[in-house]
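Every number here is computed from the coordinates shown, using simple stated rules; none is lab data. Bear in mind that the values here come from a model prediction, so they are computed numbers and not experimental data. In this analysis, Cβ positions are derived from the backbone assuming ideal geometry, glycine residues included, and neighbour counts consider all displayed protein chains.
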Amino acid sequence: MPARSAFTASRQPPTQSESLILGHEESEALGGRGKNKTKNGCEMQLTCPAKFDNGTASDFASRLLILSAYPEISIDFNPLGFVDPFSSLVLAHGLKQFIYTRHRNGLVTQYLGIDNPFGVVGYLKHLGFFRFCGIPTGKEVGEAAGNSNYLPFTKIRRDQIMWKGHVMQEEIDIKADRLATVIFPGERNVGPAMMLAYAIREVIRNSFEHGNVAECTVTAQRWVNGDAEIAIADEGIGVYNSLAKTGLYSTPEKAIEACLMPGVSSFSVTGDSEWANSGFGLYVVSELGRRFGAFQIISSGRRISYDGTRQETAQTQVLGTFVKMRVSTADAEFFPNILQQIVAEGEEIAKTLPGSVKTASKMSKTAFSKSWS
């Protein structure tokens, strides 16, 4: 189960930064200076925005978690009209933490609009979103098969990829390839599938090697214009705690920015073995997003997103680590060359970083897993 939110112990007035997330009316209500009675009798009703993308999901989930000690809350899903894969994972984890905390404290929560079998709510029910959160409606996680348009919520468990305490690279390769080829099937889609499989493989490795987790969750989507997005989340210790042992990063922001640099890792295993870990994988994934679409990471209470040349940093209350890579696959057939260029540039950057691994591992340099060859 996720760790207890810092805001569940009592109904203390929110801090200034929390008030920015909540909004004035909700902040006043939480501080005991007013009520927000709704038509259905609950003291507080939170309405989902029409669109969950970029930072909207983490802001809404943060609002839920800050209000998790409020006596009666209803959440209205009726207005929801769009949600991307990353936002669905962030919102799902936030809801899961919110529901767990409220259930433990015996508090009442109502959910409006979840009986709708159509639209975005119906799609989320099909993905396994609500069951993942702990709301008993829709399909179970893993029940939907997925197709060339989407990959439903899919859990990867530690016991599936670990043996005697070691990450089994071959097993991760196989799972990453299978997940990528769900939405990019067939020989004509080898390039896009290879690009996504690489990203899935490297982020899964990071979750299990550095996050101290029992499982992680993957979801993805493909759009008609050729864009594709993968999202991977875990409930681990977070980037800041993982890198704390190095003693080099004093704040979560610095730790997260560092983890996206080449050669930075909480530990390294050098050489050409399948266990090699050089700290280049997440760097490559972030560069793919920055150059060909968008990249976002949430960890240790911070959200950092890159959309082209724009960077945004914000606070969040959602626990765990979340990674998003959205790319245009128009040039994906050249992925092996693109990967080679990114790694070469990264090795030059790594030479200037204190304490970094200067050379990428064999696995970080290769686009081809055993199942592609």
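Taking every alpha carbon pair in the stretch 277-373, what does the distance histogram look like in 5 angstrom bins from 0, in percent? In order of increasing distance, the bins hold 3, 12, 19, 20, 22, 15, 8, 2, 0 percent. The HN-Hα couplings worked out from phi for the stretch 144-152 by the Karplus form 6.51 cos²θ - 1.76 cosθ + 1.60 (θ = phi - 60°) are 6, 8, x, 7, 6, 9, 7, 10, x Hz, whole numbers, x standing for Gly and Pro.
Residues whose amide H falls under 5 Å from that of L46, counting only those 5 or more places apart or on a different chain, are S74, I75, D76, with hydrogens built in the peptide plane.
Taking 2.2 N^0.38 Å as the expected size of a compact globular protein, what ratio does the Cα radius of gyration of the stretch 85-171 give against it, to two decimals? Don't skip to the end; give the middle numbers.
Values: Rg = 15.6 Å, N = 87, 2.2 N^0.38 = 12.0 Å.
Rg over 2.2 N^0.38 Å, computed on Cα atoms: 1.30.
Close amide H partners of R302, meaning residues 5 or more places away or on another chain with modelled amide H under 5 Å apart, are T316. The stretch 296-324 and the stretch 63-102 have Cα centres lying 18 Å from one another. Overall size of the stretch 117-256 from C-alpha positions, given as principal axis extents largest first: 49, 39, 32 Å.
Between the stretch 222-255 and the stretch 174-216, the alpha-carbon centres lie 16 Å apart. For the stretch 114-126, backbone phi angles converted through the Karplus equation (6.51, -1.76, 1.60; θ = phi - 60°) give residue-by-residue couplings of 7, 7, 5, x, 10, x, 5, 4, x, 5, 5, 5, 5 Hz, Gly and Pro being listed as x.
For the stretch 191-203, 3J(HN,Hα) computed residue by residue from phi via the Karplus equation (6.51, -1.76, 1.60; θ = phi - 60°) reads x, x, 5, 5, 4, 5, 4, 4, 5, 4, 4, 5, 6 Hz, glycine and proline entered as x.
R0 = 51 Å: FRET efficiency of T251 with D115, Cβ-based, nearest 0.05? Mind dumping the intermediate values first?
Working: r = 44 Å, r/R0 = 0.87.
Calculated transfer efficiency: 0.70.
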